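Sending over a structure as structure tokens; questions will come in a sec.
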Amino acid sequence: MGGAEPRSGFHGDSLSDEAMAEKFDSLEEHLEKFVENIRQLGIIVSDFQPSSQAGLNQKLNFMVTGLQDVDKCRQQLHDISVPLEVFEYIDQGRNPQLYTKECLERALAKNEQVKGKIDTMKKFKSLLIQELTKMFPEDMAKYKAIRGEDPSP
């Protein structure tokens, strides 16, 4: 997690993009510090000695402060929403950036499917009009006139 990673999904001028990137960088930094503090806390707890009580208390206080810092960052990013599926990707050990790629692939596949249905319906409409014109020429002429179409078959 580096601070120089390109960010996408922001709209607006570059100043607001930079401000948003700074907010994300700040959150990232606070989360990294919090995770490191939790790791150190786990080490202290796993080999707890009464003499390490002061260090444990200090780490617990750092943990509380870290949670407060993360909460402050959260309030600055209140308008950001993350789909739950992204968290499922993370829980499964998958790269969350794959979520966007797979969403686009699903959208393209669905688009092709719908396009195929539209093409099929257009062909069906054309064939239906042809057959109805053969069977009911006067009625279809009236229909085409109402629709403002050329009444010729």
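The values are calculated or read from the model by the stated rules, or taken from the named source; none is laboratory data. Computed from a prediction, not measured in an experiment: that's the story for all the values here. Note: ideal-geometry Cβ built from the backbone for every residue, glycine included; neighbour counts use all protein chains shown.
Considering only residues that are surrounded by 10 or more Cβ atoms within 10 Å (Cβ to Cβ) and among the charged types (D, E, K, R), which ones fall in region 84-111?
Matches in region 84-111: GLU85, GLU88, ARG94, LYS101, GLU102, GLU105, ARG106, LYS110.
Of everything in region 124-153, what is small (Gly, Ala, Ser) and surrounded by fewer than 12 Cβ atoms within 10 Å (Cβ to Cβ)? Give them in sequence order.
If the condition is that a residue be small (Gly, Ala, Ser) and surrounded by fewer than 12 Cβ atoms within 10 Å (Cβ to Cβ), then SER126, ALA145, GLY148, SER152 are the ones that fit.
Looking at PRO96 and the list (1) at pLDDT 90 or above; (2) within 30 Å of ALA19 (Cβ to Cβ), which single condition is not satisfied?
(1)
From the list ILE118, ILE38, ILE90, which residue is more than 25 Å from the chain's Cα centre (by Cα) and farther than 30 Å from GLU149 by Cβ?
That would be ILE38, the only listed residue that is more than 25 Å from the chain's Cα centre (by Cα) and farther than 30 Å from GLU149 by Cβ.
If you don't mind, another one. Could you tell me whether MET121 is of a type in the set (A, V, I, L, M) and either modelled with pLDDT of 90 or more or in contact with an Asp or Glu (Cβ under 8 Å, 6 or more places away or on another chain) (or both)?
yes
Can you give me the number of residues within region 42-82 that are outside any helix (DSSP H, G or I), under 30 Å from GLU22 (Cα atoms) and free of Cβ contacts under 8 Å to residues at least 12 places away in the same chain?
The qualifying residues number 5.
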